[in-house]
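Engineer: Okay, here's the structure, questions in a sec.
The values are calculated or read from the model by the stated rules, or taken from the named source; none is laboratory data. Treat the numbers as computed from the prediction; the structure is a model and nothing was measured. Cβ: placed from backbone, ideal geometry, glycine included. Neighbour counts: every protein chain shown. Heavy atoms of the whole protein, side chains included, go into the accessibility calculation; ligands, DNA and RNA do not. Shrake-Rupley method; radii C 1.70, N 1.55, O 1.52, S 1.80 Å.
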Amino acid sequence: MTKPIVDARAIHKHFGALHVLKGVDLRVAERELVFVIGPSGSGKSTLLRCLNRLEEPSSGSIVVDGIDMLDPRTDINHARQRIGMVFQSFNLYPHMTALGNVTLALRKVAGKSRAEADRLGHAALERVGLADRAEHTPGQLSGGQQQRVAIARSIALEPRVMLFDEPTSALDPELVGSVLEVMRSLRESGMTMIVVSHEMGFARNAADRVVFMDDGLIVEQGPPAAIFETPTHERTRAFIGQIQRH
Amino acid sequence: MSTWDRFVDTFFNGKVMLKYLPDILSGMVVTIELAVLIVLSGLAAGLALALVRSLAIRPLNWLIIFIVDLFRSLPPLVIIVLMYFGLPYAEISPSGFVSTWLSLAFVLMAFSEEIFWAGITSVHKGQWEASRSTGLSFGQTLINVVLPQALRLTIPPLTNRTIAITKGTALGTVVAVTEILGEASSAVSNSYNPSPLMMGAAAYLVLFLPVVVLARRLETKFAWKR
Amino acid sequence: MIQTFFNIEIIAAAWPIVLSGLLNTILLSLIVVPLGLFGGLILALLASVKNPLVRWPLMAWVDFFRAFPPLVLLILLFAGLPFAGLELGGFACVAIAFFLNTGAYYGEIFRAGIDSVPAGQVEAGRSTGLSRLQAMGYIVLPQAVRNVLPDLLSNTLEVVKLTSLGSVVAVPELLYQARQAQSLTYNPTPIVVAAIIYFLMLWPLVRLLSRLENRALAGRR
């Protein structure tokens, strides 16, 4: 692998007595789409949240786009602009319009003027197919539309990496497609993406690499075909088998 | 004179009322001054304490909780009396006006801190995370994302509490503040007639009834709706 | 400083006076709280009659007392009524003023509680043959009280604190007795002691309330 854009090494995370991450290494190349799967409680969401330091790792090192995320001298707010994050529950700001959600960080962190931020915000909403919903508040949007606004909120900041934390788990089945569509187009534009999700179909035809986690460790990783068709570890096989039966 | 006439002559005596109207009016001005000072400083201090509390510095939070509990437990009149009659023994002699203002401002601070804090904590954790993940700082998140949602939730309990505490300006009469009740009481003893008291009562209604009605409308507008 | 504000000798000398004040404050609370609850319940039951001819005057009544400072009401009774030939004494005036004032507040709380119980509850009760009053007593009120328990407790706290107003009309409750002791001893210690007593007496309730309130507000989301 050439110089990775995300380089996490020996990540440990304790929640009190609970040892959630037990020394995880994850390197992601530029323009790569890495899919993280695993049973619930395996630590995949925690790993994701450590990468932009929403959770503080107990030990280890994380470098994203050349920035040492765990160095106390790092301006974490500036660093986070380069790492977009999309949440399972959207977390849109209910008191702002879609455009307001997208432009807040542009104005307050990136220091853009209101006019400039509005222009970038409209462009981002356009990219997720919601140009005509700019003035709607989250309450007036469907779940799928809300999640696309949340994606627009991240990509408006032109991040180098995007983290997706179960982006479609809270959606009704008929709304999942529109969100995956947006993620696919992001991928085609060359965005580096780390996705925690159960959408195996999407993983199969969009991911470069699938990482299987269990019990706080990466058990096995490789191209989707290899992981899904010929997993080498028993635990991976069991998990894949369970998922495919559904 | 019929009973009715005697009643009106006693409680609504035109001559007495006219004579003491200026006193009641000047009492109203003092009440308004006190009320505005109490509301502004009490709410500002309460919000400031709630913001400091959100920094989650342990010993500081214990101190804030203790101060809030203290001023919620003590009757406002006890605080006023303590300031006005007690502090002079320590060579500090606040006027009745200052004693009433500070005491009620402390009480409002305590109650509003609780309400602001409850509002802040009721904002979902995901809101913090989404905002922080886009690079907004703790303070920017608090001001742009959390507070606007928290304040909306706090408006009904806050208005009710503010009215209840601001009405306490009448307690100032115990420490010789010349607000409405003080003026009315001294007018009664000067004129041997209760009419000024009726005027004073009316003055309170003129000041506070519109606020109460407004609060009721706010309540139906904001409560339970999201 | 401690000699001035927390003088042990003075505490010892003033203790009997302060203690009698404390007992009167407790006694006063035990009278005015049930009185206010009773008044509030009557108001709320009347308001549950959905007739606007009943509801509107009641709302005006409640708003009137929400706007009216309790001390003004008390003085009005204490200093005004004698001019009509009615001399009631401080204690009776406090009781009446509290019945009116805190009754209005309790009434508003009970009303909100009753409104919070879904109409289907009454309908279910009536469908099993309960009378309107039975449905109210057995089905609606128990749920209503549970829903507004924090508000009821919070108002009760305010009522107990409000008994200190009795000192203005010479009811020998805690604050009044403390001030008597202060003027006898030329020392603020008795008032400080009274404040400490109020705090120790009401702190547990305040703690409980702040936990209940936090939960209630958070639950609205």
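Engineer: Name the most mobile residue of B:T134, B:T166, B:T121, meaning the one with the largest mean-square fluctuation, in a Gaussian network model of chain B with Cα contacts below 10 Å.
Structural biologist: Fluctuation is largest for B:T134.
Engineer: Next question, about the same structure. Quote the relative contact order of chain B in percent (integer), defining contacts as alpha-carbon pairs under 8 Å separated by 6+ residues.
Structural biologist: 32 percent.
Engineer: If you don't mind, another one. For the pair C:A92/A:H78, report the inter-label distance in nm, with labels modelled 7 Å from Cα in the Cβ direction.
Structural biologist: The answer from the label model is 7.8 nm.
Engineer: If you line up the long axis of helix A:173-188 against the longest principal axis of chain A, both from Cα atoms, how many degrees apart are they, to the nearest 10?
Structural biologist: Tilt of helix A:173-188: around 90 degrees.
Engineer: Give me the distance in nm between label points sitting 7 Å out from Cα along the Cα-to-Cβ direction at A:R204 and A:A131, one decimal.
Structural biologist: Going from the A:R204 label point to the A:A131 one covers 3.5 nm.
Engineer: Something else now. For the protein assembly as shown, report the accessible area per residue in Å² (1.4 Å probe, heavy atoms, rounded to an integer). Walk me through the numbers before you get to the answer.
Structural biologist: On the way: 30670 Å² over 693 residues.
The answer is 44 Å² per residue.
Engineer: Hey, got the average number of other protein chain Cβ atoms within 10 angstrom for residues in A:100-109?
Structural biologist: That works out to 4 on average.
Engineer: Let me ask something else. Residue by residue through B:113-126, how many Cβ atoms from other chains fall within 10 Å of the Cβ on average?
Structural biologist: Details: counts 0, 6, 2, 0, 4, 8, 2, 1, 3, 8, 4, 5, 2, 6.
Across B:113-126, the average partner-chain Cβ count within 10 Å equals 4.
Engineer: Please compute the modelled spin-label separation between C:S183 and C:D115, points set 7 Å along Cα→Cβ, answer in nm with one decimal.
Structural biologist: Once both label points are built, they end up 4.6 nm from each other.
Engineer: Would you give the gap between the C-alpha center of the stretch C:160-186 and the C-alpha center of the stretch A:161-232, rounded to a whole Å?
Structural biologist: 73 Å
Engineer: Sticking with this structure for a sec: Net charge around A:K13, counting only other residues with Cβ within less than 11 Å of its Cβ (Lys, Arg = +1; Asp, Glu = -1)?
Structural biologist: 0
Engineer: Which percent of the accessible area of chain A is formed by carbon and sulfur heavy atoms (probe 1.4 angstrom)?
Structural biologist: The nonpolar share, carbon plus sulfur, comes to 48 percent.
Engineer: Name the residues of the stretch A:54-68 whose accessible area, probed at 1.4 Å, falls by at least 20 Å² once all protein chains are in place instead of their chain on its own?
Structural biologist: A:L54
Engineer: With n ≥ 4 as the cut-off for DSSP H runs, can you work out [θ] at 222 nm for the protein assembly as shown, using -39500 (n - 2.57) per run divided by the number of residues, rounded to the nearest 500?
Structural biologist: Helices in the protein assembly as shown give a 222 nm mean residue ellipticity of -20500 deg cm²/dmol.
Engineer: Follow-up question, since we're still on this one. With everything on Cα atoms, drop me the angle between helix A:143-155 and the longest principal axis of chain A, reported from 0 to 90° to the nearest 10.
Structural biologist: That works out to roughly 90 degrees.
Engineer: List the DSSP H helices in chain C whose Cα atoms stretch 20 Å or more along the helix axis and whose mean Kyte-Doolittle hydropathy is at least -0.5.
Structural biologist: C:8-47, C:52-67, C:89-116, C:189-219
Engineer: Leaving ligands, DNA and RNA out of it, report the carbon-plus-sulfur percent of the accessible area of the stretch B:6-100 at a 1.4 Å probe.
Structural biologist: 75 percent
Engineer: Residue by residue through B:78-86, how many Cβ atoms from other chains fall within 10 Å of the Cβ on average?
Structural biologist: Values: counts 13, 3, 1, 10, 8, 0, 0, 6, 10.
Average per residue, whole number: 6.
Engineer: Give me the accessible area buried between chains C and B, both sides summed, with a 1.4 Å probe, in Å² rounded to the nearest 100.
Structural biologist: For chain C against chain B, roughly 4800 Å² becomes buried.
Engineer: Taking Cα atoms, how many degrees apart are the long axis of helix B:180-191 and the longest axis of chain B, rounded to 10 and kept between 0 and 90?
Structural biologist: Its long axis makes an angle of about 10 degrees.
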